[in-house]
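Structure, as structure tokens:
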Amino acid sequence: KLKNFGLRSPVGFVYNQPSALVSRTDVASVTSWLAPIIWEGTFDATLIDFIYKQQNLTIATTVFALGKYTRFLKDFLESAEQHYFVGFRVHYYLFTDHPEEVPEVKMGENHRLIVRKVPSMNRWQDISMGRMEILEKLIKNELASEADYIFCLDVDAKFYGRWGVESLGRLVGVIHPWYFDAPRDKFTYERRPESQAYIPVEEGDYYFTGAAFGGSLEDVHHLTKTCREQMNIDIANSIEALWHEESHLNKYFLHNKPSKLLSPEYLWRDINAWAAQIKVVRFSHVAKNNAEVRPN
Ligand code: 2GW
Ligand code: MN
């Protein structure tokens, strides 16, 4: 569906000259398989918005809020409306067992909120694995004619800066905010060979967060289907990966290299945490009291 750019700048569309020599030197902006890693300072927002505007895209965005997690919706949605794909068409698909608790949030032009009721799930295992299955079905049964790209996001987080079309790609992973500077043997991959999510200590590229991933419908459908199947094999073998679907996502990305990586700017630990490389916090986990929000 994606058109070739055929980009023609209108007369007088002025932006900074891109350089073949100068770039950020404190972070890597490309992987060893030549996928870009998106950091502040590696793209020109004006230019990239202009390029993508001509494609008339829709970005589906899924978010789950079950049980007490509906309390995160107001900040999540209000901040998204300030920062998330502003000026582009966004359809949020919100899955909740409490539709009556969904706050009224004024949606920007071209942004729509679609609320879907799902049965209550009490065990976090069911929530985390249920997400993959619901996403798989949503993409297959409904999105084909509705969207071009999809992002799947945790709800216990808030936007503080631009998250825009620079993030779009065939298969997109976000580098986990705790492990971007860690050696691979320290990553919290699943290390038991009995699990389908197993990654040996001498393997692995990056540690990706389960809190945000996305890409084209086709690629994300394949991702969700594969993770769901792998988790089901684990269930049959009475084993559960250390970080649940995040472990399976990391295994998937090891064998299906993402075509674009987003830096931890796109999922930071907490707005007050500091690291020299983070020039902008775009999306960040909010502090939460697990004992208070999670079912027993
Ligand atoms: C219930 C019991 C235990 C943990 C979570 C939940 C729960 C999750 C819930 O009661 N209601 C609910 O809506 N959720 C959804 O699942 C919600 O969208 C939430 O953001 C998402 C992931 O749960 P969360 O945010 O508590 O997990 P984190 O922040 O510790 O996340 C990482 O690890 C998870 C796997 O353990 C996931 O991979 C997640 O994507 C990661 O960020
Ligand atoms: Mn979370």
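The values are calculated or read from the model by the stated rules, or taken from the named source; none is laboratory data. Since this is a predicted model, take the numbers as computed values, not measurements. Glycine gets a Cβ as well: all are built from the backbone with ideal geometry, and neighbour counts include every protein chain shown. Areas reflect the complete protein model, heavy atoms only, side chains present, ligands, DNA and RNA absent. Shrake-Rupley method; radii C 1.70, N 1.55, O 1.52, S 1.80 Å.
For region 93-161, the strands (runs of 3 or more DSSP E) that sit wholly inside it and include 1 or more residues that are surrounded by fewer than 14 Cβ atoms within 10 Å (Cβ to Cβ) and touching a Pro at 6+ places or on another chain (Cβ under 8 Å) are 111-117. Residue 209 passes every criterion in (1) open to solvent by 50 Å² or more (accessible area, probe 1.4 Å); (2) polar (S, T, N, Q); (3) within 16 Å of ligand 2 (Cβ to nearest atom); (4) modelled with pLDDT of 95 or more apart from (1). A residue that is surrounded by 21 or more Cβ atoms within 10 Å (Cβ to Cβ) and away from ligand 2 (no atom under 15 Å from the Cβ) occurs nowhere in region 63-73. For region 277-295, the candidate set comprises residues that are aliphatic (A, V, I, L, M) and at pLDDT below 95; within that set, the residue that is least open to solvent (accessible area, probe 1.4 Å) is 293. Being touching a Leu at 6+ places or on another chain (Cβ under 9 Å), among the polar types (S, T, N, Q), open to solvent by less than 30 Å² (accessible area, probe 1.4 Å) and more than 12 Å from ligand 1 (Cβ to nearest atom) is a description that applies to residue 224.
Taken over region 257-271, the criterion of being open to solvent by 20 Å² or more (accessible area, probe 1.4 Å), more than 12 Å from ligand 1 (Cβ to nearest atom) and within 26 Å of residue 124 (Cβ to Cβ) is satisfied by 271 alone. Exactly one residue out of 218, 203 is touching a helix residue (DSSP H, G or I) at 6+ places or on another chain (Cβ under 7 Å), modelled with pLDDT of 95 or more and open to solvent by 70 Å² or more (accessible area, probe 1.4 Å): that is 203.
Here residue 188 fulfils each of the conditions (1) over 17 Å from the mean Cα position of the chain (by Cα); (2) touching a residue at least 24 places away in the same chain (Cβ under 8 Å); (3) more than 16 Å from ligand 2 (Cβ to nearest atom) apart from (3).
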